[in-house]
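This report refers to the structure that appears directly beneath it.
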Amino acid sequence: MLTSLLKIAWRNIIRSKGFSFINIMGLAIGMASSMLIIMWIYSEVTYEDFHENKDRIYEAWNRASFSGKLQCWNTTPKILARTVEKDLPEVEQAVRVDWTSHFLFSVGDKRITEAGNIVDSNFLQVFTFPLLRGEPQTVLREHNSIVLTRSFSQTLFGNQDPVGQTVKIDNNQDFTVTGILAELPKNTRFEFDYLVPWSYKRSIGDDDSYWGNNSTRTYVELKPNASLASANEKMKVLKPRYQPEDSTWEMFLYPMGKWRLYSSFTDGQEDGGGRIAYVRWFGVIALFILLIACINFMNLSTARSERRAKEVGIRKVVGARKQGLISQFIGESILMSVIAGILALILVTLSLPGFNRLTDKTLQIDYSNPYFWMLFLGFVLFTGLLAGSYPAFFLSSFQPLKALKGVITNVNTLVTPRKMLVILQFTFGIILMICTIIVRQQINYAQQRETGYNKNNLIYHHFTGDIPKNYRLIKSELLSSGAASSVAITSAPITQSWSDGWGQEWEGKDPNDKTDFYRYNEEEDLGETVGLTFVQGRDFDLSQYPTDSTAMIINETALKVMKFDNPIGQIVKDNGEEWHIVGVIKDFILTSPYQPTSPMLIYGAKSWFYTLLIKLNHDRSTAENLKTAEGIFKKYNPEYPFDYQFVDEEYAQKFANEKRTGTLAGLFSALAILISCLGLFGLATYMAESRIKEIGIRKVLGASVVGLTSLLTKDFLKLVIVSFLLAAPLAWWAMHHWLQSYPYHTPIRWEVFVMTGLLSALIAVMTVGFQAIKAALTNPVGSIKNE
């Protein structure tokens with residue numbers, strides 16, 4: 001029975017090669033697109049999924065009120081890990097992870113700067129990254145031990161056995177390699193090429209007992225069956241207990257399963273933002289594309305109904321039952337779905353390298369995994385059943401006598417469901433088009449937002465090696481050589497904030513004010529180097545004003561918070577130090593271009609520095625400037641590479657995530673429209689077949705080709721107009737909701753809807769035009785001779 005059904009199905013596929021090709025390719029493109037999106041979604045929802053105790057691992061977060069709003073962040077005091085192990089009976093162990101370090105590694109003649117983390121010795125017991133050499137319990141036990149990734153160990157030692165080898169870090173500390181890690185998977189938040197034990201920080205005098213400095217990430221593993229609610233109740237009181245001045249400050253544990261997707265908070269609560277919004281969005285796109293492909297299949301199948309009506313009539317006359325006919329037609333759709341699935345798998349395999357580059361992932365198909373083949377088969381069968389169900393029931397419902405005469409059913413009962421399917425197709429497609437355009441507009445809106453400084457020809461270089469003691473000499477030679485027009489010594493790049501706090505005092509401050517200020521340090525010349533605009537006062541100038549070492553510059557937002565009528569000369573106290581305001585600058589974007597500008601305080605030379613900001617000389621070539629600068633850095637910091645970054649390139653990275661999202665949305669929207677056009681082509685084919693006699697009569701009565709083409713095309717324009725009227729409000733609602741997550745966002749412009757509507761109409765006319773013209777040119781004699 002099954003063999004017979006397959007043979008009949010195969011004959012019908014072969015008999016209509018053109019129809020079958022379009023049908024199979026439409027399904028294949030839709031299935032391939034959905035599979036790529038599903039793979040992307042799977043990679044997102046399985047972040048950190050490889051850790052053995054993932055369900056018991058949490059990150060410590062803070063929640064406190066600033067400027068009347070609850071804010072949440074995930075940097076904590078260094079002492080927190082040991083405190084929760086002592087005070088919370090629910091805790092199995094806790095581990096600290098410090099900021100990423102960039103150490104200089106020396107092995108023989110090799111000098112390599114690489115990024116890694118300083119962590120507690122139990123890090124690899126909590127986070128079970130696979131160790132190729134060494135034991136998790138012991139590899140980080142000694143303060144001078146170090147664990148390397150396999151690729152970094154090969155960079156340092158080549159094919160030698162690295163375990164037991166010695167590396168020198170920053171030219172002053174020998175470390176012994178005690179373990180080798182496999183390469184880190186892409187689906188983890190951690191990025192490091194080496195791990196150094198926390199005891200190393202203690203050996204060089206680092207203080208980790210202060211509760212007032214939130215500078216470390218703390219991770220907690222709860223005991224089996226421990227209550228998270230109970231642990232969080234105890235977490236709430238830790239900060240007030242050990243630092244009473246922070247009596248309203250709470251801490252809480254945030255589960256690992258939410259780190260990647262849900263770490264977005266508004267007024268102290270999860271707001272549904274974060275990457276989960278992208279996962280949901282692309283999940284909807286995958287569903288839309290698959291539905292569009294299946295609807296396309298339905299339309300093309302029912303477009304052939306008149307050709308298959310006599311076949312159905314004959315089968316019913318000779319005794320075929322409706323159930324058997326349904327099985328036959330569904331069998332055909334499943335067979336086509338299997339062929340389309342194989343093609344889709346080929347398309348996915350060929351597309352993966354480019355897709356991975358686009359999404360910054362390493363997705364791959366494990367063909368040896370039986371679960372993959374089970375899921376793939378289920379996906380193919382589901383698609384075949386979904387696509388073939390309506391055609392199967394529709395075709396099997398023909399009455400035998402009418403079918404043998406070619407009268408298959410009443411036109412209205414046939415056309416209405418099929419037109420509804422096309423409307424549904426184009427509604428999905430137009431929604432995707434509108435949303436994609438608005439996403440692109442939002443990215444452009446943020447990119448075009450005034451930064452408040454000049455990014456061009458601006459680079460930065462962190463302090464390494466001998467730079468802290470030689471930076472004034474480096475600055476002097478950069479200027480005298482002509483490589484730079486201005487140089488500033490700062491605490492961080494101009495695109496980042498490394499410090500913030502709320503404990504400042506000034507005259508007239510409200511006792512309940514807990515505004516959080518960004519802290520930024522500079523020696524002098526920051527305004528000239530990056531092009532800041534001073535609305536009051538001046539920049540620091542130590543040569544003319546030696547007291548500028550304790551001076552302060554504030555931005556306009558900070559001035560609004562402090563409410564000074566005349567800010568110049570006002571005193572701000574911070575951590576027992578007094579700073580006098582000498583200037584007010586126009587707000588500039590320090591962190592996210594999608595967020596409002598935060599109040600900012602720039603402290604003078606009596607503070608710490610870590611970065612040189614260098615304005616390259618625009619009168620010389622960039623290559624020449626960099627070559628000169630490299631020679632100067634090598635002169636004063638010979639053991640370290642000249643490791644600089646362009647500020648404009650780093651600023652552009654702030655848009656990378658949204659750009660990838662916009663590009664992906666545009667790509668899949670185009671594919672959805674392509675498949676929708678195949679559906680229109682199917683309906684146009686049906687139209688040409690069902691109205692061929694009407695067209696012939698009209699031609700005999702004198703109708704022109706242009707008139708007939710217009711007559712046939714306007715029906716499809718009506719469908720597109722209905723689709724647009726349905727899609728426009730739905731797209732507006734979705735994009736309005738999405739844009740609300742950005743304090744700075746583009747307005748939704750009416751031009752987007754006009755452009756999308758016109759484009760949709762143009763696509764529809766171009767798609768059906770061929771069939772309409774072909775039908776209008778048909779010889780009327782042949783079409784009406786049987787009347």
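Annotations for the structure displayed:
- Couplings for segment 494-501, taken from phi via the Karplus curve 6.51 cos²θ - 1.76 cosθ + 1.60 with θ = phi - 60°, read 6, 9, 9, 10, 9, 8, 8, x Hz in order; Gly and Pro are left as x.
- Our helix-only sum for the chain, with -39,500 (n - 2.57) per DSSP H run of n ≥ 4 divided by its residues, gives a mean residue ellipticity at 222 nm of -16500 deg cm²/dmol.
- Computed over neighbours whose Cβ is under 15 Å from that of residue 569, the net charge equals -2, Lys and Arg +1, Asp and Glu -1.
- Across the alpha-carbon atoms of segment 430-541, the computed radius of gyration and Dmax are 19.7, 61 angstrom.
- Ordering 552, 25 from the fewest to the most neighbouring beta carbons within 10 Å gives 25, 552.
- Sequence-ordered 3J(HN,Hα) estimates for segment 725-738 from the Karplus curve with 6.51, -1.76 and 1.60 and θ = phi - 60° stand at 5, 7, 6, 4, x, 5, 5, 4, 4, 5, 6, 4, 5, 5 Hz, glycine and proline given as x.
- Taken over the C-alpha atoms, segment 102-194 has Rg and Dmax values of 12.3, 36 angstrom.
- Counting every C-alpha pair in segment 624-681, the share spaced more than 20 angstrom apart comes to 59%.
- Remark: 461, 736 ranked as 736, 461, counting other beta-carbon atoms within 10 Å and listing the fewest first.
- Sites residue 87 and residue 206 - FRET efficiency at Förster radius 30 Å, r taken between beta-carbons, to 0.05: 0.85
- Take the convex hull of the alpha carbons in segment 458-654; its mean projected area over all directions comes to 11.5 nm².
- All other residues whose Cβ lies under 12 angstrom from that of residue 627 are scored, Lys and Arg at +1 and Asp and Glu at -1, for a net of 0.
- Charge sum, other residues only, whose C-beta stays under 15 Å from residue 294's C-beta, Lys/Arg counted +1 and Asp/Glu -1: 0
- Kirkwood-based Rg to Rh ratio, segment 45-180, C-alpha trace: 1.04
- Taking 0.36 nm per residue of separation and subtracting the current Cα-Cα distance, fully stretching the chain between residue 102 and residue 766 would add 233.3 nm.
- Its relative contact order, with pairs defined as Cα atoms under 8 Å and 6+ residues apart, puts segment 221-291 at 17 percent.
- Simple point charges give the picture: +1 on the Cβ of Lys and Arg, -1 on the Cβ of Asp and Glu, and for the chain a dipole about the Cα centre of about 5880 debye.
- The residue list 446, 575, 669 was ranked by how far each Cα lies along the charge dipole of the chain toward its positive end, using unit charges on Cβ atoms, and 669 comes out on top.
- Sparse packing (at most 15 other Cβ atoms within 10 Å of the Cβ) combined with a DSSP loop state is found for the following trypsin sites (Lys or Arg not before Pro) in segment 424-510: 449, 509.
- Each Lys and Arg adds +1 at its Cβ and each Asp and Glu adds -1 at its Cβ; summed about the Cα centre, segment 458-654 shows a dipole of about 220 debye.
- Normalised convex hull volume, the chain, alpha-carbon set, Å³ per residue: 217
- Relative contact order %, the chain, counting alpha carbon pairs below 8 Å whose residues are six or more apart: 15
- When you restrict to C-alpha pairs under 8 Å that are six or more residues apart and normalise by the size of segment 102-194, the relative contact order lands at 37 percent.
- Pairs over the 30 Å Cα-Cα cut-off, from the set 223/659; 586/627; 54/110; 78/475; 69/654: 223/659; 586/627; 54/110; 78/475.
Computed from the coordinates by the stated procedures, all read-outs in this text should not be read as laboratory data. Note that the structure is a prediction, hence the values are computed from the model and not measured. All Cβ positions, glycine included, derive from the backbone under ideal geometry; neighbour counts span all protein chains shown.
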